[in-house]
Amino acid sequence: MKKKMAFFAAFIVMSFFFGSSFDSFFGKIRGDETVKAGETLQYHVNVVNHAEEEIEDVNVKIFIYDLDEMIVTSTFDVENKDNSARSLLWDTSDVEPGEYLARITLSNDEFREVKHRYITII
């Protein structure tokens with residue numbers, strides 16, 4: 001545990017001195033921003049580990065606020081200086097047309113990062 005805490009403390013210090021190259025584990029987020037009702041929404045999230053240590057037990061979640069809907073990946077590890085990608089699928093068969101705010105969370109027990117996207121169902 002001390003080793004992991006030291007790693008994340010070093011990560012924070014590196015973020016301060018080196019700026020944006022160390023400020024996020026998020027890579028590209030690609031997905032359908034507009035989907036016809038009844039189709040499957042697809043999001044593809046890249047996780048980038050710039051650090052010297054493996055990050056363990058990571059998962060990606062998408063939460064659609066107005067619908068109280070959660071899409072979650074299984075946990076996975078990302079080796080140091082490596083990346084990994086996960087796809088999330090959501091069946092929109094029972095969703096009314098409209099614009100919905102979604103929170104995309106990348107996290108484990110040591111860190112949490114959040115991005116937001118709007119999803120439109122037509």
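The values are calculated or read from the model by the stated rules, or taken from the named source; none is laboratory data. From a predicted model like this one, the values you see are computed outputs, not experimental measurements. Please note: Cβ atoms are built from the backbone with ideal geometry, for glycine as well, and neighbour counts cover all protein chains shown.
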| query | Filter region 54-71 for residues that are surrounded by 13 or more Cβ atoms within 10 Å (Cβ to Cβ) and hydrophobic (A, V, I, L, M, F, W, C); which is farthest from Lys28 (Cα to Cα)? | reply | Leu67
| task | Could you check Tyr100 against (1) modelled with pLDDT under 95; (2) under 14 Å from Leu41 (Cα atoms) and say which number it fails? | result | (1)
| field | Long-range neighbours under 9 Å by Cβ, at least six apart or interchain, first residue closer than 13 Å to Glu113 by Cβ within region 50-64, second acidic (Asp, Glu) | value | Ile55/Asp77; Ile55/Glu79; Ile55/Glu110; Val58/Asp77
| request: State all residues of region 74-104 that are under 22 Å from Thr120 (Cα atoms) and surrounded by fewer than 16 Cβ atoms within 10 Å (Cβ to Cβ); if no residue qualifies, say none. | output: Ser87, Leu89, Asp91, Ser93, Asp94, Glu96, Pro97, Gly98, Glu99, Leu101, Arg103
| request: Report yes if Asp68 is without any contact (Cβ under 8 Å) to a residue 12 or more places away in the chain and out of contact with any Pro (no Cβ under 7 Å at 6 or more places or on another chain), otherwise no. | output: yes
| note | Scanning region 69-93 for residues that are part of a loop (DSSP other than H, G, I, E, B) and in contact with a Leu (Cβ under 9 Å, 6 or more places away or on another chain), the one farthest from Arg112 (Cα to Cα) turns out to be Thr92
| field | Members of region 43-68 found to be charged (D, E, K, R) and either in contact with a Ser or Thr (Cβ under 9 Å, 6 or more places away or on another chain) or assigned to a strand (DSSP E or B) (or both), listed by number | value | Glu56, Asp57, Lys61
